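Accompanying notes for the structure given below.
Values in this text are rule-based calculations from the coordinates and carry no lab data. Note that the structure is a prediction, hence the values are computed from the model and not measured. Heads up, the Cβs are rebuilt from the backbone with ideal geometry, glycines too, and the neighbour counts pull from every protein chain shown.
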Amino acid sequence: MGKARQLLLGKGYSYRRVIYSKLFYAVKYIHNKWSAYKNLKKNIVLKGNSKIGIHHSALLTLKNSKIIVHDGVLKIGIDFGYFDGGVYNPQKESCVISLTDSVLEVHGNVTLFPGVVILGINGKIVIKNNTVINGGAQIISLKGIQIGEDCLFAQGAIIRDNDGHKLDTGNNASLDLTCKEVSIGNHCWIGQRTMILKGVIIEDNAIIAGGSVVTKSVKKGSIVAGVPAKVIKENATWSA
């Protein structure tokens, strides 16, 4: 047994033991961080003139997965994000990206504010140019989620292409619990604390009002609201 190990396990409490203990855990911390960085670097692919910025507090786990950026800049937890008149602080709120056998593919410039959670298991998530996703938003994919250009996701929005759990009603009813891809078009405004569920297609320029639960597809330029969401206006336009 090494001397450092003996000191760590010894019964005495001395300055030497404290120093050896702190040194041991500091080396272990640096080793773990460096190993994680090397593994992460192998799983990030920058194509064309691309860059990626990752805040040091962001939590990224990529198991047999990749983040691919095409000709743009992906910001993960760097900027301050808006919520209810305040901000998500990158020093306090972490972005979380956890991918297993999945791909996060970005085309152009995309901003993920602090507090965004992206989870993929056997899924493919595509986000296109000039889309901004605010803190507290969650994207959960077990199959496929497509998000178009120039979209704005307000705080707390949730998108998922799956039910998350199996459900048995006890009467032998046939329930559709399969995953179904979600597609969101260009220039869509996804309101605060909305939910977009599996199989939904949202066409260009649509607006999803805050607190809505979207279970059916939404036509171009429509405003939908409610639980479940229904059309309240058509031929709408919006700007940030």
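List the residues, sorted by chain then number, that are 5 or more residues from residue 61 or on another chain and whose placed amide H is less than 5 Å from its amide H.
The list, which skips near neighbours in sequence, is 97, 98, 99.
Please work out the FRET efficiency for the pair residue 240 and residue 101, using the Cβ-Cβ distance as r and a Förster radius of 35 Å; give the result to the nearest 0.05.
Efficiency computed from Cβ-Cβ geometry: 0.50.
Counting only residues 5 or more places away or on other chains, whose amide H sits under 5 Å from the amide H of residue 73 once H atoms are built in the peptide plane?
Hits under the 5 Å cutoff: 51, 109, 110.
Take peptides 44-50, 108-114 and line them up by average Cβ neighbours within 10 Å, highest first, as a rough protection proxy. Each step should come with its number before you reach the end.
Working: 44-50: 13.9, 108-114: 23.4.
Descending mean neighbour count gives 108-114, 44-50.
For residue 217, what residues show an amide H to amide H distance below 5 Å, using hydrogens built from the backbone and excluding near sequence neighbours?
Placed amide hydrogens put 201 under 5 Å from residue 217.
If I stretch the segment between residue 121 and residue 57 completely, what's the gain in nm (0.36 nm per residue apart, minus their alpha carbon distance), one decimal?
20.8 nm
Quick one: net charge of residue 221's neighbours, Cβ under 11 Å, K/R +1, D/E -1? Don't jump to the answer; show the numbers that get you there.
Working: positive: 219, 220, 233; negative: 203, 204, 234.
Computed value for this residue: 0.
Quick one: 3J(HN,Hα) in Hz for region 203-212, Karplus 6.51/-1.76/1.60 with θ = phi - 60°, rounded, Gly and Pro as x.
Working through the residues one at a time gives 7, 3, 6, 7, 10, 9, 5, x, x, 6 Hz.
Rounded to the nearest 0.05, what FRET efficiency do residue 230 and residue 45 give with R0 = 35 Å and r taken as the Cβ-Cβ distance? Could you check?
Once the sixth-power term is evaluated, E becomes 0.25.
Count the net charge of all other residues whose Cβ sits under 14 Å from the Cβ of residue 145, scoring Lys and Arg as +1 and Asp and Glu as -1.
Residues close to residue 145 contribute a combined charge of +3.
Using a cut-off of 9 Å between beta-carbons, work out the net charge of the residues near residue 182 (Lys and Arg +1, Asp and Glu -1, residue 182 not included). List each step's numbers first, then the result.
Details: positive: 143, 160, 180, 198; negative: 161, 181.
Net of charged neighbours comes to +2.
With a ≥ b ≥ c taken as the square roots of the eigenvalues of the C-alpha gyration tensor of region 93-240, please select rounded if a/c is under 1.5 and otherwise prolate if a/b is larger than b/c or oblate if it is not?
The shape class here is oblate.
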